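The values are calculated or read from the model by the stated rules, or taken from the named source; none is laboratory data. These figures come from a predicted structure and were not determined experimentally. In this analysis, Cβ positions are derived from the backbone assuming ideal geometry, glycine residues included, and neighbour counts consider all displayed protein chains. Only protein heavy atoms, including side chains, enter the accessible area calculation; ligands, DNA and RNA are left aside. Shrake-Rupley method; radii C 1.70, N 1.55, O 1.52, S 1.80 Å.
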Amino acid sequence: MILLQTTELLQATGINFQAPSIFNLFITGHQSSAIKNYFIFFLLCSCNIYGQEIPESKNRLTANGIEVTKHVWKASWIAHPTASQMDYGVFLFRKRFQLSEVPKNFFVFISADNRYKLYINGKYIANGPARGDEFNWNYETIDIAALLKPGENLVAAEVINFGINKPLAQHSFKTGFILQAKDSAYDEVNTGNDGWKVMQNLAYHPISVSFDMVKGFYAAGPCDSVDAKLYPWNWNELNFNDAAWVVPRISNQGVGRGFIYGNGLHLVPREIPLPETKEERFKNVVRTNYPQGAKGGGFISGIPTIIKSHSTISFLLDQNYLTIGYPQFSISKGSGSKIKVIYAEALRDKEGQKGNRNETDGKEISGYYDWYYPDGGDNRLFETLWLRTFRYVQLDIETGNEDLVINDFHNIFSAYPFTQKATFNTDDPKLKQVWDVAWRTARLCANETYFDCPYYEQLQYVGDTRIQALISLYVTGDDRLMKNALELFDHSRIPDGLTLSRYPSAIPQIIPTYSLMWINMLHDYHMYRGDSLFIGRFTQGIQDVLSWFEKKIDHTGMLGNLEWWQFTDYTPEFQSGIPDGADDGHSALISLQFVYALENAADLFTYFGQSGIAEKYTKLATDIKRAVLLNCYDNSRGLIAETPEKKRFSLHTTLFAILTNTIEKEKQAEILQKALADKNIIPPAIYFKFYLFMCLQKTGLGDLYLYNIDTWYKMLSQGLTTFAEIDTNPRSDCHAWSASPLFDFLSLVAGIQPSSPGFETVLIAPNFGKLHLIDARFPHPKGDIIIHLQKDTKDKISGYVELPQNLKGTFRYKDTEIALNGGKQVINH
């Protein structure tokens with residue numbers, strides 16, 4: 001594999017490499033992995049591409065094997081000839097073309113700014129592009145052959161620019177659309193060629209979402225106001241009369257990343273799959289003033305409901321669980337009516353509190369909303385331009401002089417196509433509930449990037465993403481969204497080296513501790529997947545991040561005063577999530593987070609054979625740990641204080657003192673138990689409990705885990721169907737970091753962990769706690785790991801562990817270790 005990767009690398013750089021050679025003998029011999037990795041590192045440096053993307057040849061292969069152009073595309077970006085390309089607008093593009101016969105495959109490369117929905121002969125096929133930035137603007141590769149026919153065909157696209165109301169995660173250059181056929185025989189469909197037409201769909205206007213509307217900070221984009229009288233119905237059908245449409249103008253040349261001069265958007269192939277979509281139906285009508293009561297809500301099952309003229313009717317619908325997608329609304333007649341569709345995660349009482357999410361009496365809905373104004377036509381199908389998140393939806397309807405018919409109302413669920421491959425079962429049924437709700441949380445927080453929360457922000461934050469990525473690896477085995485995130489965060493780095501805290505993001509935000517978490521996330525990928533060439537691209541970025549922190553060390557040997565937002569955890573005792581000393585200097589917690597990243601970086605550079613860099617980071621980490629103990633250790637309490645003043649203590653600092661071995665290994669379990677019992681110590685909120693549970697595992701206290709997850713049980717008792725952002729009165733009912741039990745159940749309770757880089761070997765060290773049965777399946781890259789273990793009343797365990805044939809490892813329970821080989825092995829201890 002090393003030979004193959006390095007050969008491809010040399011060829012990619014233009015070096016004429018022919019095997020066999022002396023190099024083959026060297027790299028395929030029996031040298032240590034460190035030497036092999038050092039040689040890869042040397043090649044990367046010699047070719048002047050280390051820490052950068054490997055240069056592409058003029059044509060390269062994407063993940064699905066389709067050739068793409070690096071430099072100039074045959075197609076051009078097109079736009080409406082007179083409309084502003086900077087402001088809000090919905091634009092419709094059409095192109096008719098002839099086929100004598102339908103080819104087996106008809107691949108097109110397609111992108112837009114901000115977004116598109118693609119239709120072939122009136123049938124929806126895809127939307128995109130996957131979010132990136134101006135230097136890495138994604139295009140999709142889509143095979144449209146299945147929807148084509150001999151004779152005349154139509155390719156059509158709806159293109160949306162959300163303007164100043166665009167989601168915060170949405171970058172933009174200017175409104176545009178580009179499509180190119182892979183096969184030059186079909187160049188006539190390329191944008192920029194004759195036959196394309198466009199119109200601006202003036203039926204749409206944006207509805208800005210305010211803080212007051214949703215009761216919190218919001219960044220996910222506008223809602224829709226749609227006037228059906230202005231809508232060109234059936235515009236994406238072949239027989240639609242487009243005589244009044246105009247010829248688009250060419251606004252820009254289509255180019256790939258690395259083009260010789262600036263061109264606005266540099267196109268790169270989408271490296272993640274298209275989203276999963278499926279129809280979802282509302283479960284029931286909670287309340288209504290419709291004359292026939294809930295029976296009038298037949299439209300949620302596709303049974304038409306008639307709303308009489310001059311009526312004011314409301315329907316409150318419950319999905320029964322939180323979801324995300326594109327709500328679809330089919331109506332007939334109803335000219336002069338207006339329909340408001342309100343979406344919310346939960347209902348609120350008169351004091352604005354959510355309470356139990358299943359309880360509806362005395363509660364009302366508030367949230368963002370769409371407006372629809374029917375034109376009196378039949379079977380008008382409305383779909384939101386962007387995702388909506390909701391459990392509850394309310395339809396407020398006012399009819400005019402004509403009856404309104406609601407034919408149907410349902411949701412098209414849309415999320416990253418994760419497939420649950422892991423399983424986890426025990427003799428505690430509560431844990432199954434936690435698993436299911438955590439899984440829904442993880443699903444709703446993953447789309448074209450990871451989301452922190454699907455309702456309010458839809459931003460990819462490093463701190464959340466580290467947890468989400470580990471969940472993805474453990475539950476699905478799919479690492480593509482993790483790799484995408486690592487690259488995006490690298491793209492976000494500012495000149496002084498730090499990553500942005502969230503990316504993509506049109507507004508920069510810097511949380512330096514999250515830059516450290518990016519390094520830790522790279523180390524996670526190294527341990528779970530290996531892939532030296534991929535990780536090697538980021539080593540310069542790692543050094544740049546660590547250099548920023550290194551410059552902040554002052555005479556105490558700890559970090560001095562720091563810039564930006566030193567967010568750590570949303571515990572109430574940390575103002576805005578910032579621990580003591582972060583702003584004015586000498587925070588033990590921030591200093592130890594720096595140490596944690598230094599040690600993970602040293603591990604990476606050791607693997608690459610870069611001992612000089614690794615030794616530098618190891619020494620620096622050791623010096624900072626010594627300084628933290630010298631300045632902040634409190635003898636009277638036996639704990640490390642937040643600052644040298646020793647006025648406040650947090651469990652957070654103890655956790656990172658354990659993760660970094662600032663506290664001697666032999667004392668870690670004792671000190672962690674002392675800290676957990678201390679009522680005068682700042683406790684972690686949901687996010688940082690992830691690190692608490694890592695420390696329980698590290699110190700051999702993993703059996704305490706199940707006694708420390710009351711927060712998740714409490715959320716279940718409150719009727720949450722996803723897990724929330726914080727413990728008390730959360731803004732968001734669905735937040736990515738709170739899905740962490742999915743990782744904990746498999747890594748800590750079942751005890752499945754990598755014991756060498758690339759998960760080449762495995763450690764299985766279960767922690768039963770109060771359980772008597774652990775039955776788990778884990779998707780290892782080499783095949784499934786299966787665990788079936790039982791514990792009796794005397795703490796004796798029996799059962800089996802099954803590993804893929806070419807995987808070895810160790811089984812550890814209490815003080816006993818058993819060597820594991822591929823296949824099924826009986827455990828009796």
| said: If I ask for residues that are more than 18 Å from Glu152 (Cα to Cα) and either open to solvent by less than 30 Å² (accessible area, probe 1.4 Å) or under 33 Å from the mean Cα position of the chain (by Cα) (or both), which ones from the range 181-191 would you list? | reply: Lys182
| Taking the range 593-612 on its own, how many of its residues are in contact with a Leu (Cβ under 9 Å, 6 or more places away or on another chain), among the β-branched types (Val, Ile, Thr) and open to solvent by 10 Å² or more (accessible area, probe 1.4 Å)? | 0
| remark: Filtering the range 481-518 down to residues that are of a type in the set (Val, Ile, Thr) and under 17 Å from the mean Cα position of the chain (by Cα) yields Thr499
| said: Go through the range 200-257 and report how many residues are open to solvent by less than 50 Å² (accessible area, probe 1.4 Å) and touching a His at 6+ places or on another chain (Cβ under 7 Å). | reply: 4
| said: So if I check each of Ala750, Ala765, Ala736, Ala776, which one is open to solvent by less than 10 Å² (accessible area, probe 1.4 Å) and under 18 Å from Leu701 (Cα atoms)? | reply: Ala750
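Let's see how each residue does on (1) among the β-branched types (Val, Ile, Thr); (2) under 30 Å from Trp73 (Cβ atoms):
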| residue | (1), (2) |
| --- | --- |
| His266 | no, yes |
| Ile272 | yes, yes |
| Pro291 | no, no |
| His310 | no, no |
| Ile324 | yes, no |
| message | What's the number of the only condition in (1) free of Cβ contacts under 8 Å to residues at least 40 places away in the same chain; (2) closer than 25 Å to Phe390 by Cβ; (3) acidic (Asp, Glu) that Asp792 fails to meet? | response | (2)
| query | Looking at the range 431-446, which of its residues are open to solvent by less than 10 Å² (accessible area, probe 1.4 Å) and either within 10 Å of the chain's Cα centre (by Cα) or modelled with pLDDT under 95 (or both)? | reply | Leu444, Cys445, Ala446
| field | Residue among Tyr687, Tyr713, Tyr691, Tyr633 that alone is closer than 24 Å to Ala582 by Cβ, open to solvent by 10 Å² or more (accessible area, probe 1.4 Å) and of a type in the set (Phe, Trp, Tyr) | value | Tyr633
| note | Exactly one of Asn729, Asn661 is assigned to a loop (DSSP other than H, G, I, E, B) and at pLDDT 95 or above, and that residue is Asn661
| task | State whether the residues of the range 584-592 include one that is at pLDDT below 95 and buried (at least 17 other Cβ atoms within 10 Å of the Cβ). | result | yes
| Index of the failed condition, Ile787 passing every other in (1) surrounded by 20 or more Cβ atoms within 10 Å (Cβ to Cβ); (2) closer than 18 Å to Lys698 by Cβ | (2)
| message | Given the criterion in contact with a Pro (Cβ under 9 Å, 6 or more places away or on another chain) and either at pLDDT below 95 or farther than 20 Å from Cys734 by Cβ (or both), identify the matching residue among Glu383, Glu364, Glu398. | response | Glu383
| message | Restricting to the range 762-793, name every residue that is assigned to a strand (DSSP E or B) and of a type in the set (Gly, Ala, Ser). | response | Ala776, Gly783
| query | Using beta carbons and a limit of 7 Å, which pairs, at least six apart or on different chains, have the first residue in the range 66-83 and closer than 17 Å to Asn190 by Cα and open to solvent by 50 Å² or more (accessible area, probe 1.4 Å) and the second one at pLDDT 95 or above and assigned to a loop (DSSP other than H, G, I, E, B)? | reply | Lys74/Asn190
| task | Could you list all residues from the range 324-353 that are under 21 Å from Thr722 (Cα atoms) and either open to solvent by 20 Å² or more (accessible area, probe 1.4 Å) or part of a strand (DSSP E or B) (or both)? | result | Ile324, Gly325, Tyr326, Pro327, Ile342, Tyr343, Ala344, Arg348, Asp349, Gly352, Gln353
| query | Restricting attention to the range 526-555, which residues are at positive phi and open to solvent by 20 Å² or more (accessible area, probe 1.4 Å)? | reply | Asp531
| request: Would you check which residues across the range 557-576 are open to solvent by 20 Å² or more (accessible area, probe 1.4 Å) and either more than 17 Å from Phe594 (Cβ to Cβ) or without any contact (Cβ under 8 Å) to a residue 12 or more places away in the chain (or both) and list them? | output: Tyr570, Pro572, Glu573, Gln575, Ser576
| Asp87: charged (D, E, K, R), within 24 Å of Glu383 (Cα to Cα) and out of contact with any helix residue (DSSP H, G or I) (no Cβ under 7 Å at 6 or more places or on another chain), yes or no? | no
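Every residue, every condition in (1) more than 23 Å from Leu238 (Cβ to Cβ); (2) open to solvent by less than 40 Å² (accessible area, probe 1.4 Å); (3) under 31 Å from the mean Cα position of the chain (by Cα), yes or no:
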position: Glu152; (1), (2), (3): no, no, no
position: Ala157; (1), (2), (3): no, yes, yes
position: Phe162; (1), (2), (3): yes, yes, yes
position: Lys197; (1), (2), (3): no, no, no
| task | Could you check how many residues of the range 118-135 are open to solvent by 10 Å² or more (accessible area, probe 1.4 Å) and either under 23 Å from Ser76 (Cβ atoms) or small (Gly, Ala, Ser) (or both)? | result | 7
| query | Do you know which residues across the range 258-297 are out of contact with any helix residue (DSSP H, G or I) (no Cβ under 7 Å at 6 or more places or on another chain), open to solvent by less than 50 Å² (accessible area, probe 1.4 Å), hydrophobic (A, V, I, L, M, F, W, C) and not in a loop (DSSP other than H, G, I, E, B)? | reply | Leu267, Val268, Val286
| field | Residue within the range 672-682 that is assigned to a helix (DSSP H, G or I), open to solvent by 10 Å² or more (accessible area, probe 1.4 Å) and touching a Gly at 6+ places or on another chain (Cβ under 8 Å) present | value | yes
| said: On the basis of being assigned to a loop (DSSP other than H, G, I, E, B), among the aromatic types (Phe, Trp, Tyr) and within 32 Å of the chain's Cα centre (by Cα), does Phe240 make the cut? | reply: no
